Amino acid sequence: MDFALTPEQDTLVRTVRAFARKELAPRSAGWDRTHEFPWDVCRRLGALGLLGFRTPIAYGGLEADFVSMGLATEEVARGDFSLTNVIQLAGLAGEILGASASPEVKARWLPPTARGDTVIALALTEPGGGSDAARLACRAARDGDHYVITGEKSGITLGTVAQAAILFARSGDAPRARGITAFLVPLDAAGVTRGALRDMGSHGTPRAVLTFDHVRVPDSHRLGAEGAGFYSVMRGFDYNRVIIALACLGAAAQSLEETLAYVKERHAFGRALARFEGVSFPLAEAATHLEAARWLCYRALWLADHGERHTKEGAMAKWWVPRLAVEAIHQCLLLHGHYGYTDELPFAQRLRDVVGLEIGDGTAEVMKVIVARELMGRESLPY
């Protein structure tokens, strides 16, 4: 077993950490207050190559390994957690379009996405169901060389600013997953409306409700074969769950690092706070948990890079790491006393941001169902 980073990965970590410290951390609270999406920073992420990890080289991407994508995401989260959503969406767009889109769609959408000029949202969740993703109500009816899409998608990350969405709709009478087809839908198309959601956190990358009222999409914008859309996104979810976990871990690790420095400097009852076991033990526990979680995450991405199945490990990381991160950030907030509760320090914002990923892309309960299925077979499923 080799736990060392390659020279290229080591350079990536140092470069992105410096960028996050200098360019993201000082502006993060401002994006949280204004709910502004920073297009200038999105393009900087693209210039650094962070939005082309899963995009084919022929279309401006890197086709990089999953471990490198995880390393970069963890470092970006140290500066601003919400911007890791952009890395995730660009990765999924590169993966799905790169594998399933027509040459016309790839040429039009992949290069600007890798550059950070364009954002492609993922429109799967609906008002009537999130966890049961195979039971979609949104419909795509064939009409000559077009499809007509009608329905509503909810909780769509960056749905307020995205130029297009990878949308999943029921296109036939086959039950559940077998009847779902994926499409690339430009969001300036006639019949598309957007409504912003007022979220608790991740204000810099706001979510939206997207409504599709008889939106016409050419056949060339279908992604893959009819009825195959659900399976294309599920394959991407396995690794993306680990990327989400590493984003949460990055925010928690930065909070822990700041708190370790603080408790060595802050004094009470004539001693540094770090000398009180009631302070040092919770930090030791948080560091242990985060270190264990980090190895779970990178082992999962190592499996992905080697073409090995990593569904179980991805689901384990997705339910466990966001919870650990919330607990660690909460502890760091408390150890900063009443100032930790103010918006002068970043802990409240990080806590609000990370809590959202205890829900998004699959709750802990759904992830545990997946883990149980992988351990005991489909006969363990409750449905």
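Taken together, the values in this text are just the output of simple stated rules run on the coordinates, not laboratory data. Bear in mind the structure is a predicted one, so any value in this text is a computation, not a measurement. Cβ placement follows ideal geometry from the backbone for every residue including glycine, while neighbour counts extend to all protein chains displayed.
Tabulated results
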quantity	calculated
Shape of region 139-189, Cα gyration tensor, a/c cut at 1.5	oblate
Over 32 Å between alpha carbons, listed pairs Lys22/Lys368; Lys106/Lys153; Lys153/Lys368; Lys106/Lys318; Lys22/Lys264; Lys153/Lys318	Lys22/Lys368
Region 230-380: relative contact order in percent, alpha carbon pairs under 8 Å with at least 6 residues between	30
Proportion of all alpha-carbon pairs of region 58-116 beyond 14 Å (%)	56
Gyration tensor (alpha-carbon) shape descriptor, region 41-162, a/c threshold 1.5	oblate
Percentage, to the nearest whole number, of Cα pairs in region 230-380 over 18 Å apart	60
Förster radius 25 Å - calculated FRET efficiency between Tyr339 and Ile359 (Cβ-Cβ, nearest 0.05)	0.30
Order by protection proxy (mean Cβ within 10 Å, highest first), peptides 370-376, 89-95, 58-64	89-95, 58-64, 370-376
Rounded FRET efficiency, nearest 0.05, which uses the C-beta distance separating Arg44 from Arg142 and R0 of 51 Å	0.75
Loop chymotrypsin sites (Phe, Trp or Tyr not before Pro), region 305-380 (other Cβ atoms within 10 Å of the site Cβ: 16 or fewer; DSSP)	Tyr341
Region 205-252 versus region 303-334: alpha-carbon centroid distance in Å	20
Where the Cα pairs of the chain fall when distances are cut into 20 Å bins, in %	28, 57, 13, 1
Extension gain, Tyr231 back to Arg21 (0.36 nm per residue minus Cα-Cα distance, nm)	71.8 nm
Dmax and Rg, reported as Rg then Dmax, of region 94-230 (C-alpha, Å)	14.1, 44
Mean Cβ neighbour count within 10 Å, used as a protection proxy, ranking 142-148, 332-338, 200-206 highest first	200-206, 332-338, 142-148
Förster-model FRET efficiency, 25 Å R0, Asp2 and Thr288, C-beta, rounded to 0.05	0.65
Extension reserve of the Phe281-Leu375 stretch, reckoned as 0.36 nm per residue once the Cα distance is removed	30.5 nm
